[in-house]
Amino acid sequence: MLEFPRWKVWLIAIVIALGVLLSVPSLIAGTPLGASWPKWMPQYKISLGLDLAGGSHLLLEADAQDAQKQRLQAMEDEVSTELRRDPQIEIGDISTAGGRLSFLIRNPTQVDAAVERMRNLTKPLALTGTRDWDVQVVDSTRIVMTPTATGSAQALKDAMGVARDVVRRRIDPSGTKEITVITEGGNRILVEVPGVEDPEALKRLIGQTARLEFKLVDLSANPTDVQQGRAPPGSQVLPMAQGGGFMAVKRRVMVSGDQLVDARQSFDQDGRPDIDLTFNTAGARRFARATQENVNKPFAIILDDKVLSAPNINEPILGGRANITGGFTVQSAHDLAVSLASGKLPVKLNVIEERTVSAELGADSIHKGVIASVVSVALVIVFMLVTYGRFGVYANIALVVNAFLILGIMAMFNATLTLPGIAGFILTIGAAVDANVLINERIREEIRRGRRLLDAVETGYHEAFRAIFDANVTHVISAAIMAYFGSGPVRGFAVVLLIGVVTSVFTAVYFTRMLVALWIRRTRPRELHI
Amino acid sequence: MKLLKLVPDHTNLDFMRWRNLALALSLIATVVSISFTIYRGLNLGIDFVGGEVVRAEFVQPVHIDDLRARVDRLGVGEASIQALGNDRTYQIRLPKPPGPETASNAMVSKLRVALPQQYAGARVDAGESVSGKVSEELADDSAMAIGFAMIGIAIYIWFRFEWQFGVGALLTLAHDIAMTLGFFAFTRLPVDLNVVAAFLTIIGYSLNDTVVIYDRIRENLRKYRKMAIIPLLNLSLNETLARTVVTSLTVLIALGVLMLIGPEVIFGLAIAIFLGVVIGTYSSIYISSPVLVWLGVQPDSFLKTEDKEGAEAQTA
């Protein structure tokens, strides 16, 4: 008991000093002291959860049906492009109904060649040996392409990765804000933005699919047919974004928003808000060729399957720049520009959960939480002092050290403190002294049994440790399960409990034992007042 | 300085004498709690049934009927309005919007715009919107987490002690959770994710006392091999009584402060754990220990393994 080697004393002292040092930046943050903390000292800080800092939390989920639809459409485009290539294969009756792509080969002798070329469009999936699409011939001239389950899963996974990056760029074009955008559970994206109290603007920004396409207007279409939704072969009827009505446009895409390198809001010569677009090299080349071939014909600018405008091509557009107008406000033009510049959202996202907290409510919670923590600590300290005297003082020193250690470790791992986390902190304060209560009661008991002082202290620490250990394991089990299943604030609570369990065993058992050993060695007391 | 001794030295309370009475009371209380939970139901928050909640603060005091009339006129669905502590802070709860399970959020935005128009200076402090889909998952996850935690801890106790102790721990936990659920059903206090966190905490902490007492029982079983089980349990309970009282008090002091002056958003969490600690203290004495008697634990029950261990230790 008394043998407490010097290196152990130093080790414990260093751990405690580190804990205190690491917790200081978090404690003085926001006060005038915060600015005077030396730069060469550790700067780790605990981050505040949204329920304390204020902000918006959104949970987005990919629309599986939309993802499937988009995938079929993309394949349809690929198929028509591929089969138009030399040697051309004529197809007809193309359909995406029933979740699969099917079309007729007009010349039966070309079926095998077509199947071969379709197979080349599909990609093998790593390790499984299957491909992402299943190609079959039905009724000898119809080719049916069905997406395989693993293929769809892989496509969704890829899409979510892209969607996450797109969402991040849309919320934070400059990449400087402290926002959280992470994928969860395969088809979800969690977005947390501190400081934003009205999530509407956020949702508008994220929700824009912003699928921009330039297509030629089909002038051969019969206007009455178009208004009734009928288009000539190779064309489609799209609604106008403004003023109602419909327009027939060629299915083939001249150039699309995928080939943009930049989009920004600006004003046209009449001072109306518009968007300036800059295409990448490939896009610029395609745009130049298409406009060269179609001078004096109108082309449609299509956003999310609605025609924004259909200007005339007065001269070939060669520089890869264009601007689009369409009755924008400055705000809507700006939002659209951000969406276009951030890339196309590969899948539609629905908001399935939303939580916002104002900075005022968060600050109020912190204020009340800090007061409650201080009062609890003070009351527990008084209680321990009147119950155990000197050993109570040791327990109290351990308690305060424990508080610093919890904060220090949280700061080191940049853990997030949430409102339930404050509750976890207070609970840990109340429960951490349990180890000392166990030890001290055991020492009292051993002294009553007539053991000598040193022996009683030794036995007290030794016998109490078993129960301390088992009790803490049960805490760890429940806290770990909470951390695994819980989300956001609840996880913050579990993290504080977990850290508290570890630090409290260290402070309440090892640290107080050192204090007691040093005291006994120094004063050689004859009896114990406990 | 005279030190405070809440529990005098050498107590010799005959706890086990009242064990059948306590069992009867516990059984009645558990049955009442469970039936309350089933028939009256829990006041489940939007976390578990979906819907929207807005917390609004007004500059001037607002009468609840006036607020209700104005909210009703907005056509946001059947709102339930509740004052939070004073007549300037209200919680407005709205049902799940119709339409697909993934629809959410529509009405919060409406209130966010409308309230400051109706009341100058009004502020929406917090808005939450949970779709039916997410709420179902949260409910499932919560139930699963509570189940896993109970079983996980019971298995650990079984592993560290004997199977009878594991069963005792599981019954104690079931009792504590049932009672706390009954309390929430009876008081209609809202049950949200924080309260589930509290339940998981109770599972960890209410067993604290049980573990300490079991540890002492095990120790005494080894020490006094001739003692009958009932006096042995009484001895163990008395020996650990001072510790039980002191620890429960420190935890209750800390939680009481949190409950009374802490942030009201986590009142539910604080009161649930507070209650759980009180119930847990009781059940560590009157559920965990008597269960060992009913499961036939005798001082010589574990003698065989003991002897074997002893023999192994000698040969080693």
Single condition A:GLN43 does not satisfy, out of (1) crowded, with 20+ Cβ neighbours inside 10 Å; (2) away from every other protein chain (no Cβ under 14 Å); (3) within 27 Å of the chain's Cα centre (by Cα): (1)
Report whether or not B:ASP125 is outside the structural domain of B:PHE58 (by TED's automatic domain parsing) and acidic (Asp, Glu). no
Looking at the structure I just gave you, is A:ASP93 exposed (fewer than 12 other Cβ atoms within 10 Å of the Cβ) and either aliphatic (A, V, I, L, M) or at pLDDT below 85 (or both)? yes
Residue by residue through the range B:118-134, note down the ones that are polar (S, T, N, Q) and more than 13 Å from B:VAL59 (Cα to Cα). B:SER129, B:SER131
Within the bounds of the range A:8-28, is there any residue that is assigned to a loop (DSSP other than H, G, I, E, B), in contact with a helix residue (DSSP H, G or I) (Cβ under 8 Å, 6 or more places away or on another chain) and either of a type in the set (Ser, Thr, Tyr) or surrounded by 14 or more Cβ atoms within 10 Å (Cβ to Cβ) (or both)? no
Name every residue in the range A:121-138 that is exposed (fewer than 11 other Cβ atoms within 10 Å of the Cβ) and modelled with pLDDT of 85 or more, in order of residue number. A:VAL138
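Every residue, every condition in (1) under 13 Å from B:GLN118 (Cβ atoms); (2) β-branched (Val, Ile, Thr), yes or no:
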residue: B:VAL53; (1), (2): no, yes
residue: B:VAL62; (1), (2): yes, yes
residue: B:ASP72; (1), (2): yes, no
residue: B:ALA79; (1), (2): no, no
residue: B:ALA83; (1), (2): no, no
residue: B:ASN86; (1), (2): no, no
residue: B:THR89; (1), (2): no, yes
residue: B:ARG93; (1), (2): no, no
Going through the range B:1-15 in order, the residues found to be of a type in the set (A, V, I, L, M, F, W, C), under 17 Å from A:THR387 (Cα atoms) and touching a residue at least 60 places away in the same chain (Cβ under 8 Å) are B:LEU6, B:VAL7
Residue list for the range B:254-278, restricted to those being buried (at least 19 other Cβ atoms within 10 Å of the Cβ) and at the interface with another protein chain (Cβ under 7 Å from one of its Cβ atoms): B:ALA254, B:LEU255, B:VAL257, B:LEU258, B:GLY262, B:PRO263, B:VAL265, B:ILE266, B:LEU269, B:ALA270, B:ILE273
On the basis of being at pLDDT 85 or above and farther than 29 Å from A:ILE94 by Cβ, does A:SER332 make the cut? no
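So which of A:THR176, A:THR148 ends up being over 30 Å from B:LEU111 (Cα atoms) and under 16 Å from the mean Cα position of the chain (by Cα)?
Residue meeting the stated conditions: A:THR176.
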Is one or more of the residues making up the range B:16-30 surrounded by 13 or more Cβ atoms within 10 Å (Cβ to Cβ), under 30 Å from A:GLY450 (Cα atoms), in contact (Cβ under 8 Å) with a residue 60 or more places away in the chain and away from chain A (no Cβ under 14 Å)? yes
Contact list, first residue from the range B:186-198 and within 14 Å of another protein chain (Cβ to nearest Cβ), second anywhere and acidic (Asp, Glu) and in a helix (DSSP H, G or I), beta-carbon distance below 6 Å, six or more apart or interchain, is B:ASP192/B:ASP47; B:LEU193/B:ASP47
If A:GLU441 satisfies all but one of (1) under 30 Å from the mean Cα position of the chain (by Cα); (2) within 24 Å of A:VAL400 (Cβ to Cβ); (3) at the interface with chain B (Cβ under 9 Å from one of its Cβ atoms), what's the number of the condition it fails? (1)
Within the range A:29-38, take every residue that is closer than 21 Å to A:VAL374 by Cβ and not in a helix (DSSP H, G or I) and give me the one that is modelled with the highest pLDDT. A:ALA29
Scanning the range A:266-294 for residues that are among the small types (Gly, Ala, Ser) and loosely packed, with under 15 Cβ neighbours inside 10 Å, which turns out farthest from A:LEU216 (Cα to Cα)? A:GLY271
Restricting the range A:444-467 to residues that are of a type outside the set (Val, Ile, Thr) and touching a Leu at 6+ places or on another chain (Cβ under 8 Å), the residue that is farthest from the other protein chains (Cβ to nearest Cβ): A:LEU454
Mind checking which residues of the range B:271-285 are without any contact (Cβ under 8 Å) to a residue 60 or more places away in the chain and closer than 28 Å to B:GLU128 by Cα? B:PHE274
Let me confirm something: among A:ARG521, A:ARG526, which residue is farther than 30 Å from A:HIS367 by Cβ, more than 8 Å from chain B (Cβ to nearest Cβ), of a type outside the set (A, V, I, L, M, F, W, C) and part of a loop (DSSP other than H, G, I, E, B)? A:ARG526
Can you tell me which condition A:GLY369 does not meet? The list is (1) closer than 27 Å to A:ARG188 by Cβ; (2) facing chain B (nearest Cβ under 8 Å); (3) not hydrophobic (A, V, I, L, M, F, W, C), and all the others hold. (1)
Just one of the numbered conditions (1) within 8 Å of another protein chain (Cβ to nearest Cβ); (2) more than 35 Å from the chain's Cα centre (by Cα); (3) under 30 Å from A:LEU260 (Cα atoms) is not true of A:VAL375; which one? (3)
What number of residues within the range B:221-245 are in a loop (DSSP other than H, G, I, E, B) and either among the hydroxyl-bearing types (Ser, Thr, Tyr) or in contact with a Cys (Cβ under 9 Å, 6 or more places away or on another chain) (or both)? 1
Of residues in the range A:481-511 being part of a helix (DSSP H, G or I), small (Gly, Ala, Ser) and facing another protein chain (nearest Cβ under 9 Å), the one farthest from B:VAL251 (Cα to Cα): A:GLY488
If I go through the range A:194-233 residue by residue, how many of them are within 14 Å of chain B (Cβ to nearest Cβ), more than 22 Å from A:GLY488 (Cβ to Cβ) and touching a Ser or Thr at 6+ places or on another chain (Cβ under 7 Å)? 0
Among the residues that make up the range B:223-234, is at least one of them within 29 Å of A:LEU419 (Cβ to Cβ) and more than 11 Å from every other protein chain (Cβ to nearest Cβ)? no
Taking the range A:479-530 and keeping residues surrounded by fewer than 23 Cβ atoms within 10 Å (Cβ to Cβ) and touching a Gly at 6+ places or on another chain (Cβ under 8 Å) leaves A:GLY488, A:HIS529, A:ILE530
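Per-residue answers, yes or no, for (1) in contact (Cβ under 8 Å) with a residue 12 or more places away in the chain; (2) buried (at least 24 other Cβ atoms within 10 Å of the Cβ):
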site	(1), (2)
A:PHE404	yes, no
A:LEU407	yes, yes
A:LEU417	yes, yes
A:ARG448	no, no
A:ASP455	no, no
A:TYR461	yes, no
A:ILE477	no, no
Within the range B:41-51, is there a residue that is buried (at least 18 other Cβ atoms within 10 Å of the Cβ), under 34 Å from the mean Cα position of the chain (by Cα) and more than 30 Å from A:GLY195 (Cα to Cα)? yes
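The values are calculated or read from the model by the stated rules, or taken from the named source; none is laboratory data. These numbers were taken from a predicted model, which means no experiment stands behind them. Every residue, glycine among them, receives a Cβ derived from its backbone with ideal geometry; neighbour counts consider all protein chains shown.
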